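Read through the structure below, which is laid out as structure tokens, and then see the notes.
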Amino acid sequence: MIWTIILWIIIGFIVGWLAKLISPNKISTGFWGTTLLGIVGSVVGGWLGSLINVGDGAAPDNFNFWSIIIAIVGGIVVLWILSLFGKTRKK
């Protein structure tokens, strides 16, 4: 159980960091904000993927390359939504 939570935190941070790196909307967040972005982005990406029949949706036991890509896309979508409501800076 504890290792699952630690794995979610690590993968969430990596996905959030990659989404922030790719997205043109730059939002300053710390470690926990980036991790939360990655976790929420993974859920959003899994939900969007299940709507268009890409991947296995939000199946937590199916971890592969495409699930990371879908999670990053979900993170970018979350960043885009956040940019509509907050201050962002463009690089």
> All but one of (1) open to solvent by less than 40 Å² (accessible area, probe 1.4 Å); (2) modelled with pLDDT of 90 or more hold for residue 18; which doesn't?
Replying inline: (1)
> So which residues in region 27-56 are open to solvent by 40 Å² or more (accessible area, probe 1.4 Å) and touching a Leu at 6+ places or on another chain (Cβ under 9 Å)?
Replying inline: 29, 54
> Taking into account only those residues within region 1-15 that are touching a residue at least 24 places away in the same chain (Cβ under 8 Å) and among the β-branched types (Val, Ile, Thr), which is most open to solvent (accessible area, probe 1.4 Å)?
Replying inline: 14
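The values are calculated or read from the model by the stated rules, or taken from the named source; none is laboratory data. This one's a predicted model, so the numbers in the text were calculated from it and none came from an experiment. Please note: Cβ atoms are built from the backbone with ideal geometry, for glycine as well, and neighbour counts cover all protein chains shown. For the accessible areas, the whole protein counts, side chains as well, though only heavy atoms, and no ligand, DNA or RNA atoms are used. Shrake-Rupley method; radii C 1.70, N 1.55, O 1.52, S 1.80 Å.
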